[in-house]
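First the structure, in the form of structure tokens, and then the observations on it.
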Amino acid sequence: MLSESSEEGLLKSDGTISPAQFTQGAHAFALKWNSFCYSHHLPPCSWLSSSNPTFFSDHQVDGYLSIEKMCIFRSNNIDGNMVSDAGMEQLNYFESETCAREDMLDTHEVHYYDFHILYSNSYRIPVLYFRGYCSDGQPLMLNQIERDLPANSAKVLTESKWTFITQLEHPYLNRPWYTLHPCGTNELMKLLVNTCLSKAEDTPERYLISWFSVVSQVVGLKIPLEIATPRQM
């Protein structure tokens with residue numbers, strides 16, 4: 001029987017990933033994200049370690065990935081309708097210095113988003129947790145978050161059989177966060193691993209990138225092409 005360490009790099013055909021593989025892939029994902037994030041005006045990706053060792057908690061992984069304070073400008077003139085795809089072209093970016101520019105605030109409402117990538121012990125896959133809030137820290141309700149999503153995201157969430165937004169307690173922070181429910185993710189990843197990843201791409205890093213490339217579209221994030229493109233050998 002293979003140990004956790006010896007099975008790293010050998011992705012399971014059922015679409016799941018082990019805790020050791022998730023940790024390895026998460027650190028590699030963060031390094032690649034951070035090498036391109038600033039040129040694309042995106043916040044950095046950090047690994048946040050759990051305050052409780054795994055042997056004192058229910059977590060099989062001692063931390064999670066964090067991409068925080070994504071800044072989204074949403075037009076104040078939008079009267080409750082989903083923003084258009086053209087509008088989202090201007091919404092999906094982060095700027096640490098210019099989020100409070102007066103010319104933007106005159107016509108736009110500023111929303112911030114934090115995204116956490118956690119490992120699910122029960123499903124054995126990555127799970128995306130997120131929260132939205134205003135510039136004064138007031139949390140966004142689900143209907144407000146849905147208005148920030150691009151129109152194609154609403155279509156995916158309505159029609160997709162593999163994911164939907166729900167509110168759960170953040171396993172590490174013990175506070176309510178929104179999440180893309182992971183009930184069908186292993187079937188999605190099973191398809192990606194078995195049909196889309198070559199032997200050279202059969203790594204935890206490519207698993208995390210492939211997974212994030214799909215789920216990020218649902219919440220309106222745009223992953224830089226350089227991150228999604230495999231390295232040339």
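The values are calculated or read from the model by the stated rules, or taken from the named source; none is laboratory data. Quick caveat, the model's predicted, so the values are computed rather than measured. Positions of Cβ are generated from backbone atoms using ideal geometry, with glycine treated the same way; all protein chains shown enter the neighbour counts.
For the reader, a short list of remarks on this structure follows.
- The listed residue being over 25 Å from SER210 (Cβ atoms), surrounded by fewer than 16 Cβ atoms within 10 Å (Cβ to Cβ) and modelled with pLDDT of 85 or more, out of SER122, SER135, SER84, SER96: SER135
- Candidates are the residues of segment 138-165 that are touching a helix residue (DSSP H, G or I) at 6+ places or on another chain (Cβ under 9 Å) and β-branched (Val, Ile, Thr); the one that is surrounded by the fewest Cβ atoms within 10 Å (Cβ to Cβ) is VAL156.
- Condition check for HIS111: touching an Asp or Glu at 6+ places or on another chain (Cβ under 8 Å), modelled with pLDDT of 90 or more and buried (at least 20 other Cβ atoms within 10 Å of the Cβ): yes
- Filter result for LYS161 (in a helix (DSSP H, G or I) and at pLDDT below 90): no
- Of all residues assigned to segment 38-56, at least one qualifies as being modelled with pLDDT under 90 and touching a Ser or Thr at 6+ places or on another chain (Cβ under 7 Å).
- Cβ pairs under 8 Å, 6+ apart, first in segment 19-31 and touching a residue at least 40 places away in the same chain (Cβ under 8 Å) and within 16 Å of MET189 (Cβ to Cβ), second part of a helix (DSSP H, G or I) and of a type in the set (Phe, Trp, Tyr): GLN21/TYR207; GLY25/TYR207; PHE29/PHE212
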